[in-house]
Amino acid sequence: MMIFKTSLRLAYRNTMFIQPMYNFAKITKKEAEKQQKISEKEKLNLPKTIDFQPFEKKFNELKSSITQQLQKIQIGKLTVDQVENFKLTISGEKLKLNSVAQISQKASGLIVTVYEEGMITDVMKGLENSDLNVVIKRQDKSLILNPAAGQTKESRTQAVNQLKKQIEEAKLNYRDVRHECLEHIKPYKKVAPEDSIRKAEKQIQELYEKQISNLEQLHKQKEKELLNN
């Protein structure tokens with residue numbers, strides 16, 4: 001009977017001895033993971049919080065820029081902004097107008113001074129076949145562009161198309177800023193909880209959608225102005 005008790009006591013002691021070793025190993029693993037995250041964060045030199053203010057500033061700057069551009073779209077008036085990025089085919093190559101000519105404002109029209117005299121015919125032909133709805137007169141190395149007379153249906157359509165094009169370009173710029181935001185938080189994925197990352201991504205999307213909504217509102221207001229004036 002004594003032998004049985006002794007064996008039982010030894011077994012009990014062995015069990016108690018093994019258990020602390022198991023817990024100690026578990027704590028060590030957890031501590032190691034914690035230390036690894038701290039080390040990773042120090043290595044990346046990341047701020048404690050994610051600052052979206054620089055990106056919000058970029059969004060606001062884009063909004064200010066597009067608002068100014070839309071104000072320049074008027075029926076019965078040509079502006080440099082309307083034509084400078086117009087693409088022409090010259091010797092089989094697609095070129096922007098501002099890369100082959102100097103464009104300057106003159107009252108309600110434009111003076112397009114072509115850099116190379118041999119290109120004047122191609123530039124003039126390209127502008128005549130465009131949807132710019134302009135009257136073109138050649139003068140030496142320059143082309144005088146004036147808007148077609150009156151607030152015709154064509155001139156309104158041209159203005160609305162230009163508006164649509166600028167709005168689409170602005171949306172692309174907004175998407176670029178959103179992409180920058182998402183790239184900015186990528187390093188935090190190695191050191192921050194998943195919930196925090198999801199919250200940050202949601203905040204970025206909400207900021208982007210707010211800006212797009214404002215942009216679409218500007219689009220509607222300007223289109224209404226062009227069609228009703």
Might you report the magnitude of the Cβ-based charge dipole of the stretch 120-199 about its Cα centre, with Lys and Arg at +1 and Asp and Glu at -1, to the nearest 20 debye? 200 debye
Nearest-10 value in Å² for the accessible area of D195, using the 1.4 Å probe: 110 Å²
Taking the Cα centre of the stretch 84-224 as origin and charging only Cβ (+1 Lys, Arg; -1 Asp, Glu), how large is the dipole, in debye to the nearest 20? 380 debye
Take the residue pairs K63/K153; K63/K199; K87/K165; K137/K222; K106/K220 and return only those whose Cα atoms are more than 23 Å apart. K63/K153; K63/K199; K137/K222; K106/K220
Accessible-area value, T79, 1.4 Å probe, nucleic acids and ligands omitted, Å²: 10 Å²
Per 5 Å bin from zero, what fraction in whole % of the C-alpha pairs of the stretch 129-229 is there, up to the bin with the longest pair? 2, 10, 15, 13, 12, 10, 9, 8, 6, 5, 4, 3, 2, 0
Please report the spacing between the Cα centers of the stretch 87-122 and the stretch 151-229 in Å, no decimals. 31 Å
Under the rule of at least 5 residues apart or a separate chain, name every residue whose amide H is placed under 5 Å from the amide H of L88. L95, K96, L97
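The values are calculated or read from the model by the stated rules, or taken from the named source; none is laboratory data. On a predicted model such as this, the values are computed, not experimentally measured, just so you know. FYI the Cβ positions are ideal-geometry reconstructions off the backbone, even for glycines, and counts take in every protein chain you see. The accessibility values were calculated without ligands, DNA or RNA, using every heavy atom of the protein model including side chains. Shrake-Rupley method; radii C 1.70, N 1.55, O 1.52, S 1.80 Å.
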